[in-house]
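See structure below.
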Amino acid sequence: MVILVALVVVVILMVIAASKYKFHPFLSLLLAGIVMGFVGGLNSNQITNILTTGFGKTLGSIGIIIAFGTIVGAYLEQSGGAKTMAKWALKTIGKSRSVLAMNITGFIVSIPVYCDSGFIILSPLNKALSKHSKIAIPVLAVSLAAGLYTAHVFVPPTPGPLAATAALNADLGLVIVLGLAVALPVSLVGYFWARYLQKHYIYEAENESEADASKSENSETKSLPKPTPAFLPIIIPIVLIALKSIADYPTHPFGQGHTAQVINFIGNPVIALLIGVFLAFRLKKSVPEADHFHWVSSGLKEAGIIILITGAGGAFGAILQATGIGDFIGTHFADYNLGLFLPFVIAALLKTAQGSSTVSIITTAAIMAPILVSFGLDSDLGRALCVLAIGAGAMTVSHLNDSFFWVVAQCSGMKTVTALKTQTVSTLLQGLSGIALIMIIGWLFI
């Protein structure tokens, strides 16, 4: 019981340190691991060895993938590929269904691009669409944010669910397939909430004339990449990884010969994302090589922080496993049958308290890794659903301590109270609907 109380205290202190004192989660996770190691009866040599081993093991499986994913995201952001995807969605779905178009646009763009960056990139398009459709900006903003946020917490290769997949040793292809299956309806929950808000928010014209807005939009469109090269860096890796998961099924649908070997190789997440990187290179058309190099560098700089936090989460998880806390929790809480609801609650508490969805996902995955067996979640499906349950918790809720909340509010010109009534409520509804759907899947198939 002492070690369980210590874990609760340590997590609370981590949240306070991050939210109140802006203490970096990389250091928080490592210090938490050291404290838990001593509380758990490990000696100093064991603690340092387990920390370094856990850090290295985690990054060995996920570090390169995160780096490749952020490079693809940087290229889509810098080249205008993200805007191309947005415009394609609008053209395909139609401006008469603008609210739905922005929701689907956000969902697509956020798979490779961070939701904060994605919203900033698409904000001008959001405003232009508001003028054309006469729909209030808060309505379109909430719909767009719902799509962005859903893919951000559910669908690899977004770093959060990717890191959780590695920490829980889940099958990446299965996480992608189930993540898409869960994320789509959860994204639509945000869309229906936005449609409800449409009854209460009236369009207000801005100073810029319709002619100026149209002229600016047409000028920008001429310099954007075509839809096909913009979509390929996202679609191809996801398809390849999914094919590998299918090839690995016990029934061997692709046989066990040369074809299966090729699919297993190119469907390996590292190779699949590397292919995505080279496909993203096609977006640098008419751009100086110096800028091209900068795009790679900016992607790697962004990846560096994510990789370090992910590694620290792995180190923290390794310490927890070594202390035997998993056996204790399993023994004392198995009778409560919390199952997939436990990772949701932990992630939701962390998210609400400290703001970062990625940190919430990584920390919760580290806590859950040692106790999956005790809660009957050690199967391939159980591990994948646990990743998604953590994702659902990590979007519940976005409010004043979340950078994404402020991006949505400021870029859309919303007052803080308005953003709390619209964006925060949207994330609450999405998180609750997400865990409900995940638990239904678990109840039916586990």
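Descriptive notes on the structure:
- Placing +1 on the Cβ of every Lys and Arg and -1 on the Cβ of every Asp and Glu, with nothing else charged, gives the chain a dipole about its Cα centre of roughly 920 debye.
- Ordering Cys386, Val72, Trp443 by Cα displacement along the dipole of the chain toward the positive end leaves Val72 in first place; charges were set at the Cβ atoms of Lys, Arg (+1) and Asp, Glu (-1).
- Rounded to 10°, Cα long-axis angle of helix 341-354 versus longest principal axis of the chain: 60
- Long-range HN-HN contacts of Tyr203 with modeled amide H, under 5 Å: Ala136
- Efficiency of FRET from Cβ geometry, Ile446 and Val5, R₀ 35 Å, rounded to 0.05: 0.70
- Loop-exposed GluC sites (Glu not before Pro) per DSSP, neighbour cap 13 Cβ within 10 angstrom, longest uninterrupted part of the chain: 209-446
- Counting Lys and Arg as +1 and Asp and Glu as -1 over every other residue whose Cβ lies under 15 Å from the Cβ of Pro161, the net charge comes to +1.
- Comparing Pro157, Ala315, Val345 along the charge dipole axis of the chain, the residue lying farthest to the positive side is Pro157, per the Cβ-charge model.
- Sites listed here are trypsin sites (Lys or Arg not before Pro) in the stretch 355-446 whose DSSP assignment is loop and whose Cβ has at most 16 other Cβ atoms within 10 Å: Lys415.
- In sequence order, calculated HN-Hα J values of the stretch 374-381 (Karplus, 6.51, -1.76, 1.60; Hz; x Gly/Pro): 4, 9, x, 10, 8, 7, 4, 5
- Counting only alpha carbon atoms, the long axis of helix 210-222 and the longest principal axis of the chain meet at about 60°.
- Local electrostatic count at Asp248 - Lys and Arg +1, Asp and Glu -1, tallied over other residues with Cβ under 12 Å: -1
- Degrees between helix 357-368 axis and first principal axis of the chain (Cα, 0 to 90, nearest 10): 20
- Karplus (6.51, -1.76, 1.60) ³J(HN,Hα), θ = phi - 60°, over the stretch 300-306, in Hz, Gly and Pro reported as x: 5, 5, 5, 5, x, 5, 4
- Each of (1) 0.96; (2) 0.98; (3) 1.14 is a candidate for Rg/Rh (Cα atoms, Kirkwood Rh); the one calculated from this structure is (2).
- Where labels lie 7 Å past Cα in the beta-carbon direction, separation of Val262 and Arg195 in nm: 4.4
- Multiplying the residue separation of Lys421 and Lys91 by 0.36 nm and removing their Cα-Cα distance gives an extension gain of 115.8 nm.
- Greater than 18 Å apart at Cα, pairs in Lys87/Lys226; Lys87/Lys421; Lys127/Lys415: Lys87/Lys421
Every read-out reported here was derived from the displayed coordinates using simple, explicitly stated rules and does not represent laboratory data. Source: prediction; values computed, not measured. Every residue, glycine among them, receives a Cβ derived from its backbone with ideal geometry; neighbour counts consider all protein chains shown.
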